[in-house]
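This report refers to the structure that appears directly beneath it.
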Amino acid sequence: MNRQRQADLFLVLTTLIAACGWIFSKEAIAGMPVFAFLGVRFFFASLVLLPFCRGQIIPRHQWRQVLTSGVWMALTMCLWIYSVSSTPSLGEGAFIMSLAMLFVPLTAWVMMRVRPARAYWECLPVAAIGLALLSLHSPVSFHPSQGWFLLTALVQSISFCYTSRCAREVPLIPLTTAQLMITGLVGLAISVSVEHITQPFSWSIAMWVLASIFIATSLRFALQLQGQKYAAVASAALIMVLEPLFTVIAAGIWYGERLPTQKIIGGILILLAQIWFRWRMINRV
């Protein structure tokens, strides 16, 4: 198997693991405080990656950038785990979260004064229609978790832009490790401040937590970094769009979730908008 195909395989596995990570997290927070889980998951995942940082030193003058990047990731993950804990539909949340990549051009416009390309304005109405179909019910209603997922997607776009700028100057593995550690420490700090343990910690919950640490976080980031290293930009961009689709399938298998036709059409429109935008950006004419 050549490196290109191997990299594509790594990225497909990354999206599959990411989808399973939604299930792992949902199961884990059923038996422990939400932010305690977040803190434990990301702090210990950072310790797993720490040995791979050997020989890669972050210069002292770049630590401020790294810390800021870590705080943005921590905020994103805190909002995400709260959204997961309150949503009645993981698949619906995954589709809404996927809008983060369509928010990125707008965020970059504000943060970096980079005007979005014409292709972005072509795709935005399609994504907006998809979001409306996905979010609205009949009779018209709006679940709070949908708003939280939408806010998470917006914050994730800010985190993405800041991290992309930071990654130009900081080694990627130490940067990722620092982000995971900061996220873990923030989660633990919030947990100590506002949460209380009300039930015993079972072995089944421990297994979900370990799966989240070693599979959904450490292994996922390792595969993603390796895949992005050798994959063609076109295939990498399109493969990573598959995460919400895999999440819907995983939620359907594990929880028996079934999205109505209206929401399925909305999710497909969001995915098509992303695929079209990325394809146009990669193949500019």
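If only residues of the range 216-248 that are open to solvent by 30 Å² or more (accessible area, probe 1.4 Å) and not in a helix (DSSP H, G or I) are counted, the one that is modelled with the lowest pLDDT is 232. Being open to solvent by less than 50 Å² (accessible area, probe 1.4 Å) and in a helix (DSSP H, G or I) is not true of residue 125.
Note on the range 1-115: enclosed helices (runs of 4 or more DSSP H) holding 2 or more residues that are open to solvent by 20 Å² or more (accessible area, probe 1.4 Å) and of a type in the set (Lys, Arg) are 3-28. Of the numbered criteria (1) touching a Gly at 6+ places or on another chain (Cβ under 8 Å); (2) at pLDDT below 85, the one residue 144 fails is (1).
Listed by first and then second residue, the pairs with beta-carbon distance under 6 Å, at least 6 apart or on different chains, first residue in the range 17-43 and free of Cβ contacts under 8 Å to residues at least 60 places away in the same chain, second open to solvent by 10 Å² or more (accessible area, probe 1.4 Å) and part of a helix (DSSP H, G or I), are 29/85.
Being in a helix (DSSP H, G or I), closer than 22 Å to residue 150 by Cα, modelled with pLDDT of 80 or more and in contact with a Gly (Cβ under 9 Å, 6 or more places away or on another chain) is a property that residue 205 lacks. State whether the residues of the range 190-198 include one that is modelled with pLDDT under 95, open to solvent by less than 50 Å² (accessible area, probe 1.4 Å) and more than 21 Å from residue 21 (Cβ to Cβ). Yes, the range 190-198 contains a residue that is modelled with pLDDT under 95, open to solvent by less than 50 Å² (accessible area, probe 1.4 Å) and more than 21 Å from residue 21 (Cβ to Cβ).
The values are calculated or read from the model by the stated rules, or taken from the named source; none is laboratory data. Treat the numbers as computed from the prediction; the structure is a model and nothing was measured. Note that each Cβ is placed from the backbone with ideal geometry, even for glycine, and that neighbours are counted across all protein chains shown. Just the protein is used for accessible areas: all its heavy atoms, side chains included, with ligands, DNA and RNA removed. Shrake-Rupley method; radii C 1.70, N 1.55, O 1.52, S 1.80 Å.
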